[in-house]
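Participant: I'd like to ask you about the structure that follows.
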């Protein structure tokens with residue numbers, strides 16, 4: 001059993017978490033860009049799409065996205081479930 005996920009797997013987790021939160025709220029990348037822009041954060045829809053699809057973004061942008069999406073929390077169990085869906089089994 002894998003004790004720690006690889007960097008690429010963490011990036012895929014970020015991608016899946018953000019896409020799931022956007023989907024739950026019916027938010028498209030242009031909507032996300034507009035919401036961020038209203039806070040003075042300039043990110044084009046294409047730029048956001050690229051960053052989310054790669055799962056590579058700074059902690060500040062991740063928190064800003066979570067804020068504008070009104071994400072209240074990310075549960076550890078949700079993360080473990082996504083890892084399991086990805087075929088990553090973590091030895092707790």
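The values are calculated or read from the model by the stated rules, or taken from the named source; none is laboratory data. From a predicted model like this one, the values you see are computed outputs, not experimental measurements. FYI the Cβ positions are ideal-geometry reconstructions off the backbone, even for glycines, and counts take in every protein chain you see.
Participant: May I ask you to list the residues in the range 25-38 that are touching a helix residue (DSSP H, G or I) at 6+ places or on another chain (Cβ under 6 Å) and loosely packed, with under 14 Cβ neighbours inside 10 Å?
Facilitator: The answer is 30, and nothing else.
Participant: Just give me the residues in the range 39-78 being out of contact with any helix residue (DSSP H, G or I) (no Cβ under 8 Å at 6 or more places or on another chain), exposed (fewer than 13 other Cβ atoms within 10 Å of the Cβ) and over 23 Å from residue 90 (Cβ atoms), in sequence order.
Facilitator: 40, 58, 60, 63, 72
Participant: I've got another one for you. Which residue out of 27, 14 is touching a residue at least 40 places away in the same chain (Cβ under 8 Å) and assigned to a loop (DSSP other than H, G, I, E, B)?
Facilitator: 27
Participant: Looking at (1) exposed (fewer than 13 other Cβ atoms within 10 Å of the Cβ); (2) in contact with a strand residue (DSSP E or B) (Cβ under 8 Å, 6 or more places away or on another chain), which is the one condition that is false for residue 90?
Facilitator: So the condition that residue 90 fails would be (1).
Participant: Consider residue 22 carefully, then state whether it is surrounded by fewer than 17 Cβ atoms within 10 Å (Cβ to Cβ), touching a helix residue (DSSP H, G or I) at 6+ places or on another chain (Cβ under 9 Å) and at pLDDT 95 or above.
Facilitator: no
Participant: Among the residues of the range 51-92, write down those that are within 16 Å of residue 15 (Cβ to Cβ) and outside any helix (DSSP H, G or I).
Facilitator: 55, 56, 57, 58, 69, 71, 74, 86, 87, 88
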